[in-house]
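Asks: One structure, as structure tokens, below. Some questions next.
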Amino acid sequence: MMIPQIARRLLNQYGVEGEWLLDPYCGTGTSLVEASLFGMHSVGCDINPLVRLIATAKLTPVPLNTLDSELKKLDDVLFQVEFGVEKIPDAPIPKILNLDYWFSQEIIISIAYLLDCINKIADQAVRNFITVAFSETVREVSWTRTSTFKLHRMPSEKLENFNPDVFGTFRKKLNRNRQGLEAYLEKRKNVKASVCPVNTVNGELPMPRPLGGYNLVITSPPYGDSHTTVAYGQFSRLSAEWLGLPNARKIDRLAMGGQNSHETLVDSPISSAIEKIRSIDEKRAREVSAFYIDLGRSIDSVVKTLSPRSTVCYVVGNRRVKDIILPTDEFVVFAFGKHGFSHKETIVRNIPNKRMPIKNSPSNVAGQTSTTMHEENIVICQSTA
């Protein structure tokens with residue numbers, strides 16, 4: 001995820017109140033929230049329906065009295081079953097493949113009842129807000145290892161002593177999120193903010209589009225194809241399946257580099273690195289190439305929506321594949337340069353808090369490891385039109 005401090009710094013340097021910001025890979029909406037606090041209108045895009053739901057909930061100014069009224073009703077209902085006054089009533093359980101592999105039967109019953117209660121809330125904005133806490137609760141009370149994005153089950157020795165409190169966990173998430181909403185409402189400016197499902201890789205353009213185009217882009221695209229880098233889709237899958245969201249098991253395949261391409265990158269800053277990878281592993285070279293082809297296509301789409309005096313800020317990582325560094329920052333400069341953008345600067349930042357492995361195995365041979373990313377690059381380009 002992008003951290004708020006980066007978006008805030010870039011907004012302070014390049015933002016103008018009343019103008020429009022675009023985040024074409026918005027995730028859970030950090031840059032959009034910061035734009036709302038700064039005073040810029042904003043639009044975000046993402047192919048993952050769960051993160052779109054979270055971003056929408058974070059951006060929506062739900063009146064606290066309305067929220068508190070619904071929270072009180074929900075708390076009263078949960079109290080009856082949480083403290084044994086009555087048995088947890090039966091509730092619909094979604095058909096999820098291998099559900100009992102990831103959750104105990106007791107947890108399944110509790111989650112199903114909780115979701116049924118949430119779905120009965122009439123106010124869409126309030127329901128979205130509460131659903132965010134539910135989505136996080138699902139993962140936390142599951143048998144998944146929470147230390148990784150990829151879906152892995154806890155070791156058997158941990159399962160024996162794992163007895164999470166579903167309603168207590170949910171309540172903690174809600175209380176924390178309510179505090180965040182209250183702080184957001186105090187500082188949020190009167191601006192427009194929205195999230196859309198378009199995929200810029202496919203040439204789809206974000207909506208709404210402001211007259212004259214977006215003035216600022218602050219974003220962090222994926223660091224690489226999700227199959228081999230950060231499995232965003234796997235991380236969100238269980239929650240998305242409980243909520244019945246579309247393509248819950250397909251997000252990583254739909255993401256950049258999810259499908260191999262027969263095209264080749266010629267005369268780009270990434271080309272020589274891909275050829276070195278190809279000399280070691282043809283399959284990995286195709287996967288890497290597919291990611292950068294998709295990233296380039298996405299940038300082609302983004303450019304079509306920008307104003308003639310726009311600034312773009314891309315936070316990227318120069319990852320290693322087969323122990324070969326991929327200069328993603330240079331590729332972003334190259335891709336925007338084809339559309340008349342000039343490179344203003346690249347800011348290098350250490351990333352000690354990213355949830356990523358410190359080392360990987362480029363050869364897939366036991367014991368042979370290599371360092372992964374420990375820095376990210378904030379690439380800033382400006383239109384010269």
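The values are calculated or read from the model by the stated rules, or taken from the named source; none is laboratory data. Because the structure is a prediction, the values reported are computed rather than measured. What goes into the accessible areas is simple: the full protein's heavy atoms, side chains included, and nothing from ligands, DNA or RNA. Shrake-Rupley method; radii C 1.70, N 1.55, O 1.52, S 1.80 Å.
Asks: With every protein chain kept in place and ligands, DNA and RNA left out, what is the accessible area per residue of region 90-235? Probe 1.4 Å, answer in Å².
Replies: Details: 7350 Å² over 146 residues.
Result: 50 Å² of accessible area for each residue.
Asks: Something else now. Using modelled backbone amide H atoms (1.01 Å from N, in-plane), which distant-in-sequence or interchain residues come within less than 5 Å of Ala193's amide H?
Replies: Ser42
Asks: Moving to a separate point now. Rounded, prolate or oblate for region 220-274? Axes are the square roots of the Cα gyration tensor eigenvalues, ordered a ≥ b ≥ c, and the cut-off for rounded is a/c under 1.5.
Replies: Note, shape of region 220-274 comes out prolate.
Asks: What shape does the chain take by its C-alpha gyration tensor, where a ≥ b ≥ c are the square roots of the eigenvalues and a/c under 1.5 counts as rounded, a/b above b/c as prolate, and the rest as oblate? Intermediate results must be reported in sequence, preceding the final value.
Replies: Numbers: a/c = 2.27, a/b = 1.33, b/c = 1.71.
In terms of gyration-tensor shape, oblate.
Asks: Quick check on my link table: of Lys172/Lys250; Lys150/Lys283; Lys58/Lys192; Lys304/Lys338; Lys120/Lys192; Lys73/Lys158, which ones sit more than 24 Å apart, alpha carbon to alpha carbon?
Replies: Flagged as over cut-off: Lys172/Lys250; Lys120/Lys192; Lys73/Lys158.
Asks: Separate question: So which residue, out of Asp46, Asp123, Asp252, gets the largest mean-square fluctuation from a GNM of the chain using Cα contacts under 10 Å as springs?
Replies: Asp123
Asks: A further question on this structure: For region 60-100, rounded, prolate or oblate, judged on the Cα gyration tensor with a ≥ b ≥ c (square roots of eigenvalues), a/c < 1.5 rounded, else prolate if a/b > b/c?
Replies: Values: a/c = 3.94, a/b = 1.41, b/c = 2.80.
It is oblate, given that a/c is not under 1.5 and a/b is not larger than b/c.
Asks: If the elastic network links every pair of Cα atoms under 10 Å, which of Ser31, Ser279, Ser135 fluctuates the most in the Gaussian network model of the chain?
Replies: Evaluated over the chain, the most mobile residue of the options is Ser279.
Asks: What are the ³J(HN,Hα) values, in whole Hz, obtained from phi via the Karplus relation 6.51 cos²θ - 1.76 cosθ + 1.60 with θ = phi - 60°, for each residue of region 144-153 in sequence order, with x given for Gly and Pro?
Replies: My calculation for region 144-153 gives 8, 6, 7, 8, 9, 6, 6, 6, 9, 7 Hz in order.
Asks: Normalising by the residue count of the chain, find the relative contact order in percent from Cα pairs under 8 Å and 6+ residues apart. Spell out each step's value before the answer.
Replies: Details: 666 pairs, mean separation 67.1, N = 385.
With pairs under 8 Å counted, the relative contact order is 17 percent.
Asks: Given the rule -39500 (n - 2.57) for each run of at least 4 DSSP H residues, summed and divided by the residues of the chain, what is its mean residue ellipticity at 222 nm, to the nearest 500 deg cm²/dmol?
Replies: Working: 14 runs with 168 residues, N = 385.
Dividing the helical sum by the residues of the chain leaves -13500 deg cm²/dmol.
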